[in-house]
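I have placed the structure first, in the form of structure tokens, so that the comments after it can refer back to it.
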Amino acid sequence: MNSNNPLIGRDIVSISDLTKEEIRAVLDQALRFEQQLKDAHAIPLLNGRILATVFYEPSTRTRLSFESAMHRLGGSVISVAEARTSSSAAKGESIYDSGKMLESYADVIVQRHPAVGSARALADAASVPVINAGDGTGEHPTQALLDLYTIEREKGTLDKLTVAMMGDLKHGRTVHSLAKALAHWKTKLILCAPRALAMPSDLIAELRHQGLIVIETENMGAALAQADVVYVTRIQQERFETVEEYMRYKGIYVITEQALRAAKPGIVIMHPLPRVDEISTDVDGLPNAAYFRQARYGVFVRMALLAMVLGAV
Ligand code: NCD
């Protein structure tokens with residue numbers, strides 16, 4: 001047990017809940033776990049502890065990487081994969097009641113839910129740490145942490161970078177959390193989106209207030225030409241009222257090998273996944289394509305979070 005662990009017993013609801021030093025502590029712990037797992041399959045720090053994963057929206061990476069992280073730490077997992085239909089929420093149970101119940105079944109809860117603010121509601125109800133795995137179009141703080149980890153692993157630093165975010169910046173919760181996190185490093189941020197899918201203006205104002213240089217463009221080539229990192233997101237189909245509206249924007253930006261000729265040679269290409277058509281598969285073989293490594297890094301970062309909130313490091 002390390003008294004330098006600032007996250008014992010804490011909820012992780014918004015990336016804004018963490019200071020720069022606390023984020024640094026998570027990234028450093030994740031790197032230690034990554035190194036230790038070169039020689040071991042498991043690091044049994046959480047024997048006997050139980051993680052509950054409760055997902056009211058689809059997920060592959062977030063749920064499985066949290067579950068993998070818990071197993072690598074020697075803990076156990078109980079799970080409701082399709083909570084919207086298969087949990088008592090389908091019978092009308094409130095988030096509050098679900099929190100009061102889950103706290104007696106698990107030592108830590110990871111929730112994904114379609115409503116903004118749902119993670120805070122669960123954290124207020126449950127006495128055990130709650131980790132937000134996505135609350136609608138709100139936030140996805142653990143994705144932001146693994147995105148920072150990826151940028152640092154790929155570029156060697158988080159300082160003095162130009163990061164372009166591209167795609168559905170209105171509905172994409174990963175970019176909301178990542179932009180807030182990057183404010184600690186005074187990154188230059190290029191936001192590339194069609195006007196109707198721009199990042200919310202109150203968030204942009206907040207980022208500028210924190211010292212980030214924010215440039216908005218609709219032009220993919222202009223964004224690629226300046227970026228050290230391009231963070232591509234899918235158009236978030238499930239957030240549109242109609243299919244027609246979604247189809248208006250689907251395929252609006254597609255990163256191809258050809259498009260990357262306009263980019264800096266060392267550009268790092270990231271994507272929280274799942275990918276639909278935003279990155280052509282001809283890019284996958286390039287050394288710049290970091291998105292599958294990014295998904296792998298998620299396990300180390302989520303191990304760090306679980307071990308820290310449960311006070312095991
Ligand atoms: C993201 C999400 O759920 O917000 N996926 C993920 O967690 N890796 C991105 C997305 O769904 O587009």
If Lys and Arg each add +1 and Asp and Glu each add -1, what is the summed charge of the other residues whose beta carbon sits under 10 Å from the beta carbon of Lys180?
-> -2
Once every Cα of the chain carries one equal point scatterer and solvent is ignored, give the base-10 log of I(q)/I(0) from the Debye formula at q = 0.08 Å⁻¹, two decimals.
-> -0.34
Inter-probe distance in nm under a simple model that places probes 7 Å from Cα toward Cβ, at Arg248 and Asn4 | 5.2 nm
Considering the Cα trace of the stretch 1-52, what is its radius of gyration and what is Dmax, both in angstroms?
-> 12.9, 34
For Met166, the net charge from surrounding residues (Cβ-Cβ under 11 Å; K, R +1; D, E -1) works out to -2
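How big is the Cα convex hull of the stretch 141-295 in projection, averaged over all directions, in nm²?
Details: hull surface 33.1 nm².
Value for the stretch 141-295: 8.3 nm².
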The stretch 56-64 - phi-based ³J(HN,Hα) in whole Hz, Karplus 6.51/-1.76/1.60, Gly and Pro as x | 8, 10, x, 6, 10, 5, 5, 5, 5
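Equivalent-ellipsoid semi-axes (√(5λ), Cα gyration tensor) for the stretch 153-243, whole Å, largest first?
21, 14, 12
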Using a simple charge model, +1 on the beta-carbon of Lys and Arg, -1 on the beta-carbon of Asp and Glu, nothing else, what dipole does the chain show about its Cα centre, in debye to the nearest 20?
-> 480 debye
Given a cut-off of under 8 Å on Cα pairs at least six residues apart, what relative contact order in percent is computed for the stretch 58-192?
-> 17 percent
Restricting the count to DSSP beta bridges whose residues both fall in the stretch 40-196, what percent are antiparallel, rounded to a multiple of 5?
-> 0 percent
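Please compare each pair in Lys20/Lys170; Lys170/Lys264; Lys38/Lys100; Lys38/Lys188 to a cut-off of 31 Å on the Cα-Cα distance and tell me which ones are over it.
Lys38/Lys100; Lys38/Lys188
Counting helices only, and only those DSSP H runs with n ≥ 4, report the 222 nm mean residue ellipticity of the chain as the sum of -39,500 (n - 2.57) divided by its residues, in deg cm²/dmol to the nearest 500.
For the chain, the value works out to -11000 deg cm²/dmol.
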Sequence-distant aspartates and glutamates (8 or more away, or on other chains) whose Cα lies within less than 19 Å of Lys155 = Asp28, Glu34, Asp147, Asp228, Asp284
All-pairs Cα distance distribution in the stretch 30-139, expressed in whole percent, bin size 5 Å | 2, 12, 22, 24, 18, 11, 7, 3, 1, 0
Relative contact order for the stretch 141-295: what is it in percent, counting Cα pairs under 8 Å that are at least 6 residues apart?
-> 25 percent
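Laboratory data are not the source of any read-out in this text; all were calculated from the coordinates shown. All values reported here derive from a predicted model rather than from experimental measurement. Quick reminder, even Gly has a Cβ in these numbers, built from the backbone with ideal geometry, and neighbours come from all protein chains shown.
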